[in-house]
Structures are given as structure tokens and as C-alpha cells.
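A short write-up of the structure that comes next.
The numbers here are math on the coordinates, done by the rules we state, and not lab data. All values reported here derive from a predicted model rather than from experimental measurement. Virtual Cβ from ideal backbone geometry, glycine too; neighbours counted across all protein chains shown.
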Amino acid sequence: MSTSPPAPVGALRIGRVATVPVYLDRTWLILGALVAFQGYRAGLVRGSGFAVAYAAWLVVSILVAVLGHEVGHALAARRLGFRVHQVVATVWGGHTSYDATGATPGRTALVALAGPLVNAVLAVAGLSLGWSDDGDLGQFAWSFGLLNALLAGFNLLPGLPLDGGAALQSLIWGLTGRRDLGLAVAGWVGRLVAIGIVVWFVVWPLATGGQPQLFDVLIGLVMAWVLWSGATAALRRGAVERVLATVRVGDVAERAVVLPAETPLAVARANPDLVLCRDERLAPSLVLRSVPPAVPETTPIGALVTRLPDDNLVEASPRDDVGAVLRAMSATGVGVVVVTVGGEPWGLVASQALDAAAKRSRGRT
């Protein structure tokens with residue numbers, strides 16, 4: 001069962017869409033200020049009064065475009081049966097948080113493409129109205145449509161973390177059956193997109209004899225950093241998915257046995273398997289792993305064991321994949337999991353064993 005993420009610290013809840021809470025993160029004010037500044041500068045050719053109105057309109061437009069984009073993701077995810085947690089507008093644009101358990105290539109692609117589709121519809125509406133009106137209303141509508149068109153086009157670039165990258169990942173996943181390969185390819189393409197952003201904003205103007213504006217350089221570098229970071233995260237997720245696809249619990253688990261808490265340390269050390277004890281609820285959550293050499297051999301192991309969080313008791317057979325084990329470690333931050341079958345413990349998985357399996361998996365691909 002998934003747990004909904006907490007509301008962003010300091011974020012303002014501005015409403016709900018289909019029971020999904022929508023937040024405006026305080027960092028979005030930075031984006032709003034930048035958009036307002038650029039809008040004011042552009043509008044000064046028509047006078048200061050128009051410039052203020054145009055700046056305010058662009059701030060509203062970018063907020064509508066971003067939230068429309070994210071609501072598109074949220075509604076598509078809800079329609080496909082995913083549990084959607086929240087929509088947040090941030091300085092980087094926005095983010096839709098949902099539980100992707102049970103995702104397939106097709107469903108993942110549909111959720112990803114729903115956001116740019118909303119922007120495309122808004123772009124057509126805005127550009128159509130702007131085309132038919134020569135006055136201020138037409139200019140405002142045209143800017144709204146152009147903003148949505150740019151947002152849709154940018155997000156369709158085929159590299160993670162962009163929506164086009166998610167679609168590319170899904171395509172490769174569907175064709176090969178390997179989610180990890182899709183993440184790897186889309187992640188590397190995402191890095192190429194990040195490099196392309198730097199070339200466009202910085203290298204190309206210099207190469208053609210121009211002088212790039214400081215504002216454009218800063219925006220380009222920030223965008224490239226965000227894309228590079230997201231692509232790198234995708235590559236890391238791909239490594240995890242590779243482990244999920246190739247490693248079974250039996251490959252990484254060490255055999256474990258339950259001994260009474262009063263068992264002397266000497267007896268426990270002589271046992272060929274790792275030693276567990278049951279707690280007051282009879283759950284095998286007490287683990288004997290490392291004991292200083294100076295501890296007397298007659299010490300009862302009940303005085304030396306370490307308690308694991310309840311979530312680190314995972315029902316998994318040796319033939320199961322390690323997904324549940326990884327999720328337990330991620331949820332609690334504790335890198336040790338006791339695995340059980342029918343409630344009876346049979347082994348223990350440590351994060352070091354998973355890391356070693358991941359390295360072996362990378363070496364085979």
C-alpha cells in the first residue's frame with residue numbers, strides 16, 4: 001500500500017481537481033517574477049500601463065498552462081486507475097505525484113502525453129482567438145496560445161525527465177519488454193537534450209558572432225541543469241529496474257534461523273545461518289548481526305539483537321523479485337530486511353548484497 005506524500009512545506013493549497021489537491025509552491029513565485037519581468041519589458045513599447053497589464057496576464061497564463069498540463073497528467077492517471085496524490089506548481093513548472101504500481105508501457109505513455117495534449121488544446125484556442133482579433137484581446141490571446149504551444153513542444157522532446165522522454169521510455173519498454181532499457185535510452189537522450197539547450201542558448205550565439213544575453217544564458221544553464229539532473233535520476237532508476245528484472249530474492253538472501261532470546265552467544269556464533277529472535281509479539285524482528293569480540297560468549301543473544309522496523313519484515317519467497325525488499329528499505333531507510341514465507345522467516349537480505357547484485361547485473365549488460 002502506498003502512502004501519500006505530505007503537502008509541500010510552505011505551499012498554498014489553491015483547490016482540488018477530481019478530489020486531487022492542487023498546490024502552489026512558494027518557489028513558483030520565482031518563476032512568476034521572471035515571467036512578469038519579461039512581460040513588462042516586452043509591453044513597454046505600448047506604454048507602462050499596457051506593460052503592467054501584459055506582465056500580469058503572462059503570469060496568469062503561465063500558471064494556467066502549467067496547472068492545465070499537470071491536471072492533464074492527473075486526470076489521465078485517475079482514468080487509468082492510478083492513485084493520484086497531488087498536483088504542485090513549482091519554479092521548475094509543475095509535478096504530478098501518483099502511485100505507478102501496475103504501470104504498463106501503454107498506460108505510462110498515455111499519462112505522460114496527456115499533459116502536452118492539454119497544452120496543445122489551449123494553444124489552438126489561444127492562437128485561433130489571437131488570429132481573429134487585431135486588438136489587445138487578440139495579442140493577449142496570441143501570447144497565451146504561443147506560451148502553451150512552446151510548453152507542449154518543449155515537453156515532447158524525447159528525453160527524460162520530459163514527457164516525450166517518458167513516451168520514448170514506454171516505447172522501448174513495450175518493444176523489448178525491458179523497462180530498464182527504456183529508462184537508460186531515454187535518460188541518455190535527456191542528457192543530449194540538456195547539452196542541446198546549452199548549445200542553443202550559449203554556444204550558438206557565440207559561434208554565429210552574436211552576444212548572448214545574460215538572462216538567456218542563466219535560463220539556459222538552469223534548464224540544462226534541471227534536465228541533466230532528471231536524466232541522471234532516470235539512469236539510476238534504470239539500474240534499479242535492471243536489478244528488479246534479473247535478481248530474485250533467493251539470489252541475495254542469506255539463510256536465517258530463529259533462536260530463543262536466552263541462547264548463549266557462543267551457540268549463536270556456531271550456527272551456520274544468521275540468527276534472529278522473536279519480539280514480544282512473536283514477530284522475527286530482532287536480528288543478531290555484528291557483536292564486538294569483547295562480549296562474553298555466555299551473554300544471551302536477546303541482549304545483543306537489533307530491532308527492525310515492522311515494514312522490514314517482508315513476505316517473499318526465494319523465487320520472487322526483489323521489488324518488495326527494495327521498497328521496504330527505501331521506506332524505512334534501514335538496509336536490512338527479514339524475508340518470510342507464510343509468516344515464517346527463512347532469510348535476511350542486506351543492502352550490500354543488493355548493491356553487489358546490481359553491479360553484477362550491470363556487468364552482464
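Side notes on the structure shown:
- Selection from 345, 305, 282 lying farthest towards where the dipole of the chain points positive, charges on Cβ: 345
- Positive-end residue, the range 1-159 charge dipole about Cα centroid, Cβ charges, pick of 52, 65, 77: 77
- Each Lys or Arg adds one and each Asp or Glu subtracts one; over the other residues with Cβ under 13 Å from the Cβ of residue 139, this totals -2.
- Candidate values (i) 22.5, 71; (ii) 26.8, 92; (iii) 24.3, 88, label of the one derived for Rg and Dmax of the Cα atoms in Å: (ii)
- Only beta bridges with both residues in the range 233-343 are counted; by DSSP, about 55 percent of them are antiparallel.
- Between helix 136-155 and the chain: long-axis angle, C-alpha atoms, 0 to 90°, nearest 10: 30 degrees
- Temperature 10 °C, viscosity 1.306 mPa s: under these conditions the Stokes-Einstein estimate for the range 155-277, based on its Kirkwood radius over C-alpha pairs, is 89 µm² per second.
- The packing ranking, built from the mean of other Cβ atoms within 10 Å per residue, places the peptides 331-343, 157-169 in the order 157-169, 331-343, highest first.
- Measuring gaps between exposed loop sites in the chain (trypsin sites (Lys or Arg not before Pro); DSSP loop; at most 11 other Cβ atoms within 10 Å), the longest gap, sites not included, is 1-280.
- For the listed peptides 308-314, 93-99, a ranking on the average number of other beta carbons within 10 Å per residue, highest first, reads 93-99, 308-314.
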